[in-house]
Amino acid sequence: MGPALTAALEAILMVVDEPVAEVTLAQVLERPTAEVAAAIRALSEEYTASGRGFDLREVAGGWRFYTRAECAPLVERFVRDGQQARLTQAALETLAVVAYRQPVSRAKVAAVRGVSSDGVMRTLVARGLVEEAGTDPESQAVLYRTTSYFLERLGLRSLDELPELAPFLPDDVEILEEQK
């Protein structure tokens, strides 16, 4: 007989580098998916209730350990040791356009931003935040979309959790869009 279900789940989740779906965990552990789902939710609640330094969260279609928010600055200081790996303003703008307009071509991103985004797009692809999503049937342009890593880094389960843009747009945005 192998380890208890919770011990097995903890052992697997300790070594994953991306969120793992409940069905995958159930297959590996040869247990019913409902049993694994209940156990993983119970573990998550237990970690939260006991105030551990880590959290078990469901993001991007799976489960993974994360640093608890109040411990994040300490871990960040330990890991980075003074190094910064933040995205530039141009990268953040480009990533936002891709996230809200996907799948989208580089030309469309450039049209929205008003400047070429080729170099920034290459950086976002290299960092694993954006990926190719086929080609536009009309123009044959390569289309891009955000990745599951993007969802993971933002702590989102799906793109549906992106905040609405309407409150941040000018009142005349429809007129501006029609003029393009």
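Which one, Glu35, Glu93, Glu164, has the greatest fluctuation when you compute a Gaussian network model over the chain with C-alpha springs under 10 angstrom?
Glu164
Before rounding to the nearest 500, sum -39500 (n - 2.57) across all DSSP H runs of length at least 4 in the chain and divide by the residue total; then give [θ] at 222 nm in deg cm²/dmol. Before the final figure, lay out each step's value.
Numbers: 9 runs with 90 residues, N = 180.
Taking each H run of at least 4 residues, the total per residue is -14500 deg cm²/dmol.
Provide the FRET efficiency to the nearest 0.05 for the Ala21-Val115 pair, computing r from the beta carbons and using R0 = 41 Å.
Numbers: r = 39 Å, r/R0 = 0.95.
Using R0 = 41 Å, I get an efficiency of 0.60.
Just flag the trypsin sites (Lys or Arg not before Pro) in segment 64-141 sitting in loop per DSSP whose Cβ has no more than 10 other Cβ atoms within 10 Å. Intermediate values should be presented prior to the final figure.
Details: sites: Arg64, Arg68, Arg77, Arg80, Arg86, Arg101, Arg106, Lys108, Arg113, Arg122, Arg127; in loops: Arg68, Arg86, Arg127.
Here the sparse-neighbourhood loop sites are Arg86.
Using a 1.4 angstrom probe on heavy atoms only, work out the carbon and sulfur share of the accessible area of segment 46-155 in %.
On the way: 3420 of 6570 Å².
The nonpolar share, carbon plus sulfur, comes to 52 percent.
Quick check on segment 40-130: what are the equivalent-ellipsoid semi-axes from the Cα gyration tensor, as sqrt(5λ), descending, whole Å? Could you put the intermediate results ahead of the total?
Details: eigenvalues 234, 64, 17 Å².
Each semi-axis is √(5λ); the values are 34, 18, 9 Å.
Which order, highest average first, do 135-142, 55-62 follow once you tally other Cβ atoms within 10 Å for each residue and take the mean per peptide? Write down the numbers at each step before the final one.
Details: 135-142: 11.1, 55-62: 18.8.
Packing proxy ranking, top to bottom: 55-62, 135-142.
Compute the semi-axes of the equivalent ellipsoid of the chain, taking the square root of 5 times each eigenvalue of the Cα gyration tensor, and list them largest first in whole Å.
Details: eigenvalues 280, 78, 52 Å².
Value: 37, 20, 16 Å, ordered largest first.
Could you state the accessible area per residue of the chain in Å², with a 1.4 Å probe and every protein chain left in place? If you can, show how the numbers build up before the last one.
Details: 11640 Å² over 180 residues.
That works out to 65 Å² per residue.
Connecting C-alpha atoms closer than 10 Å in a GNM of the chain, tell me which of Glu132, Glu45, Glu70 has the biggest fluctuation.
Among Glu132, Glu45, Glu70, the largest mean-square fluctuation in the Gaussian network model of the chain belongs to Glu70.
Say we join alpha carbon atoms closer than 10 Å with springs in a Gaussian network model of the chain; which of Phe65, Phe54, Phe78 then has the biggest fluctuation?
Phe78
The values are calculated or read from the model by the stated rules, or taken from the named source; none is laboratory data. The shown structure was predicted, so the numbers you read here are calculated from the model rather than taken from an experiment. So basically every Cβ, Gly included, is an ideal-geometry build from the backbone, and we count neighbours across all protein chains shown. For the accessible areas, the whole protein counts, side chains as well, though only heavy atoms, and no ligand, DNA or RNA atoms are used. Shrake-Rupley method; radii C 1.70, N 1.55, O 1.52, S 1.80 Å.
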